[in-house]
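So the structure is just underneath, and the comments pick up after that.
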Amino acid sequence: MRRHSASELARLLADHIMRLAPELLPHGKKDGVEWRVGSLAGEPGQSLAVRLSGARRGVWADFSSGERGDALDLVAACLFGGSRKDAMQWSENWLGLSNTTTSAPVQRRPIQEKLNTSQELDKEAQQRRAKARRLWHDTPAGIAGTPVESYLQGRGIDLRALGRAPGALRFAPAVWCQEVRRPLPAMLAAICSPSGKLVAVHRTWLAQSPSGIWCKADLKNPKKVLGGFAGGCIRLWRGASALALGIAPEGDVAIVAEGIETALSCAIACPEYRVLAAVSLSNMAAMKLPDTITEIIVAADNDTGNASARKALDAALSQFAQQGRTVRLAMPEIQGQDWNNVLTEHDGLKGPERS
């Protein structure tokens, strides 16, 4: 019996969404062409909507949390903590496509247990996350004509080569900086959880030189993250598929870098690939990516003299390989360089996958 791809299963589940949605979320109710429920926890309400008919059947969105996806993502989120691999096996049984004669029953944690998930975060962590979301949503979208665009151009990153700027970046003219105890201009980057929910904001404070060039502010720590982000990443470029990370197509290739500037340099060199920034090497090993991403190119900094950095890098490479993915390491030849250095010091970047 052949295995079906994630996209095939999502389409087939969508064809049966009228039966699937009430089975996964039995406390919801039909509202026009949608099945409405409070959240993925399953309590009655209106925040989460599942499309039941039309070209978009099977597509769902939780408007309070920002989570969304296709019918397979709904199975993964409701039953398997976001694991599409487990959701695929369950869906094949449910659809009658496997050798198993009966599909596994829907196993659901009690609603109250799911509702308590957000309460497991301590109060301070919840406040930081809420503050990050307010900062992001209060900042206008787009960076065209802003100091962020100028700063990136100064780093050799001309986003016009990509045709559009990543939606994960914004410019805020005044963001509080504790180091100098006053607000400074900053580049903001959205850090999203595996489900696509914004959980933290990366801040790069900027300053203008006497000659008018925008650069990193002269601070001890010009880059900081507001909010917890373990397992998440900055989704900078979608690659040739142009699909969101949660619905990445089967066989997708992703470049994973540590920092924003390195990742954007790789996006310019290899726009056909999806590009993600892990924010830190320690978080790179914790990143949770869809099973459909079968190949990962780790665009690492050349920190061969740093034992702790190499250990964290090796942990990430090992973790990706254990997930059954093809893993390649791309590292600049010169010690101390990253791929943005290669981009700015040479006539263009030929592509980290060829290094």
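The values are calculated or read from the model by the stated rules, or taken from the named source; none is laboratory data. Nothing here was measured: the structure is a model prediction, and the numbers come from that model. Here the Cβ positions follow ideal geometry from the backbone for every residue, glycine too, while neighbour counts run over all protein chains shown. The area values use the complete protein model at the heavy-atom level, side chains included, leaving out ligands, DNA and RNA. Shrake-Rupley method; radii C 1.70, N 1.55, O 1.52, S 1.80 Å.
So the values come out like this:
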| quantity | calculated |
| --- | --- |
| Filter result (part of a strand (DSSP E or B), among the charged types (D, E, K, R) and in contact (Cβ under 8 Å) with a residue 24 or more places away in the chain) within region 163-183 | Arg170 |
| Counted residues, region 199-238 - those being small (Gly, Ala, Ser) and without any contact (Cβ under 8 Å) to a residue 40 or more places away in the chain | 4 |
| Some residue of region 99-116 being of a type in the set (Asp, Glu), assigned to a helix (DSSP H, G or I) and at pLDDT 75 or above | no |
| Checking Val275 against (1) of a type in the set (A, V, I, L, M, F, W, C); (2) more than 30 Å from Asp70 (Cα to Cα); (3) without any contact (Cβ under 8 Å) to a residue 40 or more places away in the chain, the condition it does not meet | (2) |
| Of the criteria (1) part of a helix (DSSP H, G or I); (2) more than 13 Å from the chain's Cα centre (by Cα); (3) of a type outside the set (Gly, Ala, Ser), which one Asn283 fails | (2) |
| Residue pairs meeting the criteria (Cβ under 6 Å; at least 6 apart or on separate chains; first among the polar types (S, T, N, Q), in region 8-22; second buried (at least 16 other Cβ atoms within 10 Å of the Cβ)) | none |
| Any hit, region 293-309, residues being open to solvent by less than 20 Å² (accessible area, probe 1.4 Å) and of a type in the set (S, T, N, Q) | yes |
| From the options Ala217, Ala244, Ala207, residue that is more than 20 Å from Ala299 (Cα to Cα) and either out of contact with any strand residue (DSSP E or B) (no Cβ under 7 Å at 6 or more places or on another chain) or among the polar types (S, T, N, Q) (or both) | Ala244 |
| For Gln322: the one exception among (1) at pLDDT 90 or above; (2) under 24 Å from Leu159 (Cβ atoms) | (2) |
| Where a residue in region 311-331 is surrounded by fewer than 15 Cβ atoms within 10 Å (Cβ to Cβ) and its partner, wherever it lies, is assigned to a strand (DSSP E or B), with Cβ under 6 Å and at least six apart | Ala321/Val327; Thr326/Glu295 |
| Criterion: more than 23 Å from Cys192 (Cβ to Cβ) and not small (Gly, Ala, Ser) - qualifying residue of Leu264, Leu343 | Leu343 |
| Checking Glu67 against (1) surrounded by fewer than 17 Cβ atoms within 10 Å (Cβ to Cβ); (2) modelled with pLDDT under 90, the condition it does not meet | (1) |
| So Val50, is it open to solvent by less than 40 Å² (accessible area, probe 1.4 Å), modelled with pLDDT of 90 or more and within 22 Å of Ser83 (Cβ to Cβ) | yes |
| Test set (1) in a helix (DSSP H, G or I); (2) within 23 Å of the chain's Cα centre (by Cα); (3) more than 14 Å from Ala254 (Cβ to Cβ) - Ala316 fails condition number | (3) |
| Scan of region 158-169 for residues that are in contact with a helix residue (DSSP H, G or I) (Cβ under 8 Å, 6 or more places away or on another chain) and open to solvent by 40 Å² or more (accessible area, probe 1.4 Å), ordered by number | Asp158, Ala161, Ala165 |
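Residue-by-condition table, conditions (1) surrounded by 13 or more Cβ atoms within 10 Å (Cβ to Cβ); (2) assigned by the TED database to the domain that holds Thr204; (3) among the polar types (S, T, N, Q); (4) under 21 Å from the mean Cα position of the chain (by Cα):
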position	(1), (2), (3), (4)
Asp138	no, yes, no, yes
Ala141	no, yes, no, yes
Ala144	no, yes, no, no
Tyr151	yes, yes, no, no
Gly156	yes, yes, no, no
Ala174	no, yes, no, no
Arg181	no, yes, no, no
